Amino acid sequence: MALLLDGKTAIITGGASPRGIGRAIAQSYADQGARVAILDLDAETASRTATEIGAQHTGIACDVTDRNACEEAVSQVIAAWGWLDILVNNAGITQPLKSLDIAPDHYDAVLDVNLRGTLYMSQAAVPHMTQGGAIVNMSSVSAQRGGGIFGGPHYSAAKAGILGLTKAMAREFAPQGIRINAICPGFIATDITAGKLTDEMKADILRGIPMGRAGTAVDVAGCAVFLGSDLSAYCTGTEIDVNGGSLIH
């Protein structure tokens, strides 16, 4: 059976965390035949993760809140591989704060990494998608329901902003053959959630999930493979829920 991403070149931001969604997407993309550039803050960690996935992949240091750094990272990929097919804007941070506790530096940090980073990486990538391409943005159920499990209101705002940005860019770049879609994960068992829930808290969360389990990073990665592949050739401006049915509406 043909690989879904055979011959594709992909950039995945925030891809070096061992149990993270970005790492799972990178592995799934590689398994489906793509060459993957993993971007993360630390060059050594990004390179090590890329090597673990396979010798043909690469790791690059990049702070997605720095537009010049985003452009330099994309330039390195183009110089090495010649073209870019897929960008996955996965880099993000969260903070468990209440509305009245959000200070300016909290707001700036969360909005910058999640929302500004998505814009800057997309601005750097789009000019190189001359034969069309796909951008996959990571939003959250928090954007849809007004809060999640760990993220404060500024996190919900950032992730909601990603949905608006996704739809606006999808409309703008569709004539160029560039598809832009978003994924909205629900409760996913990653390093962010590990060790932060009591058994009682976890049981309460699971009661609200019809499928009766937490999601995994691989669950989200499968959706990212679909959106990066030609299977989703007529999908753009969409938001896909990956939440076990917890937001059926």
query: Taking the stated definitions as given, is Asp31 of a type in the set (D, E, K, R) and either within 17 Å of the chain's Cα centre (by Cα) or at positive phi (or both)?
result: no
query: In region 47-78, which residues are among the small types (Gly, Ala, Ser) and farther than 27 Å from Leu115 by Cα?
result: Gly54, Ala55
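For the structure I just gave you, tell me whether Thr13 is modelled with pLDDT of 95 or more, crowded, with 19+ Cβ neighbours inside 10 Å, in contact with a Lys or Arg (Cβ under 7 Å, 6 or more places away or on another chain) and of a type outside the set (A, V, I, L, M, F, W, C). Lay out the reasoning, then the answer.
Working: modelled with pLDDT of 95 or more: yes; crowded, with 19+ Cβ neighbours inside 10 Å: yes; in contact with a Lys or Arg (Cβ under 7 Å, 6 or more places away or on another chain): no; of a type outside the set (A, V, I, L, M, F, W, C): yes.
No: the conditions fail for Thr13.
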query: Where in region 147-249 are the helices (runs of 4 or more DSSP H), entirely inside, with at least 2 residues that are surrounded by 21 or more Cβ atoms within 10 Å (Cβ to Cβ) and among the basic types (Lys, Arg)?
result: none
message: Tyr120 - would you say it is among the aromatic types (Phe, Trp, Tyr) and out of contact with any His (no Cβ under 8 Å at 6 or more places or on another chain)?
response: yes
message: Looking at the structure I just gave you, is Ala30 of a type in the set (A, V, I, L, M) and surrounded by fewer than 24 Cβ atoms within 10 Å (Cβ to Cβ)?
response: yes
query: In region 81-107, which residues are over 24 Å from Arg23 (Cβ atoms), among the charged types (D, E, K, R) and in a loop (DSSP other than H, G, I, E, B)?
result: Lys98
statement: Pairing a residue in region 189-201 that is modelled with pLDDT of 85 or more with any residue that is part of a loop (DSSP other than H, G, I, E, B) and surrounded by 11 or more Cβ atoms within 10 Å (Cβ to Cβ), where Cβ atoms lie under 6 Å and the two sit 6 or more apart in sequence or on different chains, gives Ala189/Ala214
- prompt: Do you know which residues across region 198-249 are hydroxyl-bearing (Ser, Thr, Tyr) and touching a Leu at 6+ places or on another chain (Cβ under 9 Å)?
  reply: Ser229, Thr238
- request: State yes or no: is Ile135 under 28 Å from Ala61 (Cα atoms) and at pLDDT below 95?
  value: no
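If a residue has to be crowded, with 24+ Cβ neighbours inside 10 Å and among the aliphatic types (A, V, I, L, M) to count, how many in region 92-124 make the cut?
Here the count works out to 3.
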- prompt: Quick one: Gln144 ticks every box in (1) surrounded by fewer than 24 Cβ atoms within 10 Å (Cβ to Cβ); (2) closer than 21 Å to Gly15 by Cβ; (3) among the polar types (S, T, N, Q) bar one, so which box is it?
  reply: (2)
query: When region 92-132 is examined, which residues are found to be among the small types (Gly, Ala, Ser) and touching a residue at least 12 places away in the same chain (Cβ under 8 Å)?
result: Gly92, Ser99, Ala109, Gly117, Ser122, Ala124, Ala125, Gly132
message: With the condition being under 27 Å from Thr130 (Cβ atoms) and either of a type outside the set (Gly, Ala, Ser) or in contact with a Phe, Trp or Tyr (Cβ under 7 Å, 6 or more places away or on another chain) (or both), I'd like the strands (runs of 3 or more DSSP E) fully within region 5-80 carrying at least 3 qualifying residues.
response: 9-13, 35-40
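The values are calculated or read from the model by the stated rules, or taken from the named source; none is laboratory data. None of the values given here were measured: they were computed from a predicted structure. With ideal geometry, Cβ positions are generated from the backbone for all residues, glycine too; neighbour counts draw on all protein chains shown.
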